There are 2 protein chains.
Amino acid sequence: MTAPRYDVIAIGNAIVDVMAPASDELVDELGLTKGGMQLVDGAAADDLYQAMGPAKEISGGSAANTLAGLSAMGAQCAFVGQVADDQLGKVFAHDIRAVGIDFDVPARTGEPSTARCLIFVTPDGQRTMNTFLGASQFLPAEALDEEAIGGASVLYLEGYLWDPEEPRRAMRAAIAAARSAGRKVAFTLSDAFVIARHGDDFRALIDDGLIDILFGNEVEIAAMTGLDDFDAGAAALAAKVPVLVATRSEKGATCYTHGESCHVAAEPIDKVVDTTGAGDLFAAGFLFGHVRGEDPARCLRRGAIAAAEVISHYGARPEADLAALMAEKLD
Amino acid sequence: MTAPRYDVIAIGNAIVDVMAPASDELVDELGLTKGGMQLVDGAAADDLYQAMGPAKEISGGSAANTLAGLSAMGAQCAFVGQVADDQLGKVFAHDIRAVGIDFDVPARTGEPSTARCLIFVTPDGQRTMNTFLGASQFLPAEALDEEAIGGASVLYLEGYLWDPEEPRRAMRAAIAAARSAGRKVAFTLSDAFVIARHGDDFRALIDDGLIDILFGNEVEIAAMTGLDDFDAGAAALAAKVPVLVATRSEKGATCYTHGESCHVAAEPIDKVVDTTGAGDLFAAGFLFGHVRGEDPARCLRRGAIAAAEVISHYGARPEADLAALMAEKLD
């Protein structure tokens, strides 16, 4: 096995976020479930956009956000996802390459357009997401570079991308490629509604021993296990994966590995502006430590620091120099 | 003369800003003049975008920013500008309509794309702008609704739009329509480079008595008059227009009218994040007071408050509730 060229290769939705502040009343009126992610078609996306205030367009996508964090810390990364040949596709490609991430999947011509996520951010910083998958759902299995996957320390997958059929096939092929090269597979559960649709698949992946590192928040762990009690759910899930990272918002995060658990407090910040990307950046910090062989406590600290940075401003990608921030905050 | 339907109708570039933090070294290396605005073609825009870090897309355009401020204070406004039928055109149209501004100019099909402005924001908050005019330069005179212009208290024009030929013709027609209806014409000088190209036209407009309210900063006033001494330049220009508003960054702003002058200090803020839109929002505050018949001191205070808000965050449109902010800060 040669030395890996990449620390992390991720497969995810290639999405541009369209973000605007919104009142709780507006989120209610529109019939949205606050804090959740729903898939919408083009017409529903247009209607929601109509109801939205002035917005900012900022590149997003869960796994892509995680890579942006990893790259900002100094990791070598590649992204696999599908954009369309349009202006938002160019924005996505520019922004991911601008932070040094390899992104080689050719833009797809014709309809539909590049994926976008309409995000209503309420005054408490919570985000409510409405995703038009667009071109993202047409990521073909042929877009994978199996040699590159075999040469990456970690393959990272987002649960969100399990919804569309073609990318799901691509992710299964990628898991097989990583496995046969003896690499690790990390997976984020993404969202309770996604688990409602695909929980059986996720549980099968875990039972088949295909997931090495699993990320989830409290709601997602409950959805996976059917156990409302956090400790019981986490223990049940932890018994099935080598590493489980459970993020718990202001209550911090816990890592379960080999029968042991380790907890980190949330990093204090002045004001939560926008929680979009909090989980993604926690995963970035954790994975960065993990690929460098650090102990779980230090991996968790990195996650907490990266998550705190991203929720202190609008947008799901880091704005601060994360490498410098880590150097300052870690011993 | 019937009561005006609009407080302000503005004609301006319909632009989406593409903004990214940048080092002074990068601005130097790219051969850009810090603090200025240069026009670039599509190829140059692509090259500059390539050199840019991860960016945010936020609707901009000088006069459109001014209207966004006016609308946020409670004024009735309409915008005239040209977007293309593409994703950034939809973003621009959405964002301006979302704040209650009427915008009825149909999107233009085919090339070129919607205008964009690549803005490098240095750590001192200064912005260096590179504008690809795109569809914006094809605003036809037929896009004007002369009846609406005749029914607006103020017609507001941006100097930036004097560069392309078709909008220049449209603006001349708009001035004639406003004049014949007995309405006021306000004009912002926009940029010293624009004055270098079109100063003779601007001076002729002023000499012909077609401008009632003129906005400019120190550099622009020097470029218009050839006088490096601010007081001398402002006095020379003030002699030719009923109202001259001279903005002077951290030194505040001065209004010259009917032989008198009135000064306002800059509104204190914690940190200058991004000066993009400072002049635009100063104009918004001033015009809001002006159309309500307030005295120059109060108009200036409104300008200072609105400008302070916009430079405290990324993007050239207000994020705070300007009406509430005015109520809080004014007696």
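The values are calculated or read from the model by the stated rules, or taken from the named source; none is laboratory data. No experiment lies behind these values; they were computed from the predicted model shown. Glycine gets a Cβ as well: all are built from the backbone with ideal geometry, and neighbour counts include every protein chain shown.
Per-structure values
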quantity: Some residue of region A:41-52 being buried (at least 22 other Cβ atoms within 10 Å of the Cβ), more than 14 Å from chain B (Cβ to nearest Cβ) and among the acidic types (Asp, Glu); calculated: no
quantity: Some residue of region A:104-117 being in a loop (DSSP other than H, G, I, E, B), buried (at least 24 other Cβ atoms within 10 Å of the Cβ) and modelled with pLDDT of 95 or more; calculated: yes
quantity: Evaluation of B:Thr109 against (1) among the hydroxyl-bearing types (Ser, Thr, Tyr); (2) away from chain A (no Cβ under 14 Å); (3) under 18 Å from the mean Cα position of the chain (by Cα) (one fails), failing number; calculated: (3)
quantity: Criterion violated by A:Glu147 - all others in (1) outside any loop (DSSP other than H, G, I, E, B); (2) of a type outside the set (Val, Ile, Thr); (3) within 16 Å of the chain's Cα centre (by Cα) satisfied; calculated: (3)
quantity: Leading residue by the ranking (surrounded by the most Cβ atoms within 10 Å (Cβ to Cβ)) among those in region B:69-103 that are charged (D, E, K, R) and in a loop (DSSP other than H, G, I, E, B); calculated: B:Asp86
quantity: Residue count for region B:168-208, restricted to those that are part of a helix (DSSP H, G or I), buried (at least 23 other Cβ atoms within 10 Å of the Cβ) and of a type in the set (Asp, Glu); calculated: 0
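Okay, residues lined up against (1) within 20 Å of B:Ile101 (Cα to Cα); (2) in contact with a Ser or Thr (Cβ under 8 Å, 6 or more places away or on another chain):
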position	(1), (2)
B:Asp270	no, yes
B:Thr276	no, no
B:Asp280	yes, yes
B:Ala284	yes, yes
B:Glu294	no, no
B:Ile305	no, no
B:Arg317	yes, yes
B:Leu322	yes, no
B:Glu328	no, no
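Residue-wise test of (1) part of a loop (DSSP other than H, G, I, E, B); (2) of a type outside the set (Ser, Thr, Tyr); (3) touching an Asp or Glu at 6+ places or on another chain (Cβ under 6 Å); (4) buried (at least 16 other Cβ atoms within 10 Å of the Cβ).
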residue	(1), (2), (3), (4)
B:Gly233	no, yes, no, yes
B:Tyr256	no, no, no, yes
B:His263	no, yes, no, no
B:Lys271	yes, yes, no, no
B:Gly279	no, yes, no, yes
B:Phe282	no, yes, no, yes
B:Phe286	no, yes, no, yes
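To keep it simple, each residue is scored yes or no on (1) of a type in the set (A, V, I, L, M, F, W, C); (2) within 13 Å of chain B (Cβ to nearest Cβ).
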position	(1), (2)
A:Ser23	no, yes
A:Gly36	no, no
A:Ala68	yes, yes
A:Ser71	no, yes
A:Gln76	no, no
A:Val99	yes, yes
A:Thr122	no, no
A:Leu133	yes, no
